[in-house]
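Here the structure comes first, spelled out in structure tokens, and everything after it is commentary.
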Amino acid sequence: SKHEYPGDVNYFLCPDLAEITTTDGYFSANSPCGFVSNKTYHVAMVYNGSTLRLYRNGFLMKEIAATGNLVTNNWPTTIGEYAYSMYCGLSDISNIFKGYINEVRIWNAARPQQELRTYMNTSLPNPSSIPGLQAYFTFDNLLNKQGNTIYDGVLHAAATINNTNPDCLFVEDSCATAGDCS
């Protein structure tokens, strides 16, 4: 998340929702089906200047027309919590992600679906030399593996790193098509 409210969403991503605000307005792509607790998912949002896409486990969940330049704001990028609640002292627990996050990748260039599928279950090779990669976190520490230290992380609240989800393994079983939510 990098936002306070819908009007200034630079970007926001969760397992069933992707949001951005551009110079042409606010755009939201909702998955046709929810996600299941205690499962591991790969989630990606891609904006290419004409469409906003939400992917889960390599499947296109939702695609909507969206145009304009991304609106930028002064909020920090947060992982697992809204920037506004964290930096304004609010304790709205509904805004805090409760689970495990294995990796986070932030790009300044749209990634094609095949590339998402190729690298969704593996670490990126040589992240410091990949064009368009802005930030890459694997949570063995809080350093940006891409190399730009301005994006190094800081822990807040009860967040921890170096943890493994003991209950979940990744299983590729998302809604392959709209309406197929089994």
Among (1) of a type in the set (A, V, I, L, M); (2) more than 21 Å from Val46 (Cβ to Cβ); (3) at pLDDT 70 or above; (4) loosely packed, with under 14 Cβ neighbours inside 10 Å, Ala109 falls short only on (2)
Do any strands (runs of 3 or more DSSP E) lying entirely in segment 2-63 carry at least 1 residues that are within 21 Å of Tyr100 (Cα to Cα), and which ones are they?
12-14, 17-22, 43-47, 51-56
Looking only at segment 71-99, and only at residues there that are surrounded by 15 or more Cβ atoms within 10 Å (Cβ to Cβ) and hydroxyl-bearing (Ser, Thr, Tyr), the one that is modelled with the highest pLDDT:
Thr77
Hey, can you tell me all the residues within segment 143-182 that are over 15 Å from Tyr100 (Cα atoms), at pLDDT 75 or above and hydrophobic (A, V, I, L, M, F, W, C)?
Leu143, Ile150, Val154
Looking only at residues that are farther than 21 Å from Asn108 by Cα and free of Cβ contacts under 8 Å to residues at least 60 places away in the same chain in segment 8-36, which one is farthest from the chain's Cα centre (by Cα)?
Val36
For the structure I just gave you, tell me whether Leu133 is at pLDDT 70 or above and within 18 Å of Asn163 (Cα to Cα).
no
Within segment 132-147, the count of residues that are in contact with a helix residue (DSSP H, G or I) (Cβ under 8 Å, 6 or more places away or on another chain) and either open to solvent by 20 Å² or more (accessible area, probe 1.4 Å) or assigned to a loop (DSSP other than H, G, I, E, B) (or both) comes to 6
Only residues that are open to solvent by 40 Å² or more (accessible area, probe 1.4 Å) and either modelled with pLDDT under 70 or out of contact with any Pro (no Cβ under 9 Å at 6 or more places or on another chain) (or both): list them for segment 56-70, please.
Phe59, Leu60, Glu63, Ala65, Thr67, Asn69, Leu70
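The values are calculated or read from the model by the stated rules, or taken from the named source; none is laboratory data. Please read these numbers as outputs of a predicted model, since none were measured by experiment. Ideal geometry is used to build each Cβ from the backbone, glycine not excepted, and the neighbour counts take in all protein chains shown. Calculation scope for accessible area: heavy atoms of the full protein, side chains included, ligands and nucleic acids excluded. Shrake-Rupley method; radii C 1.70, N 1.55, O 1.52, S 1.80 Å.
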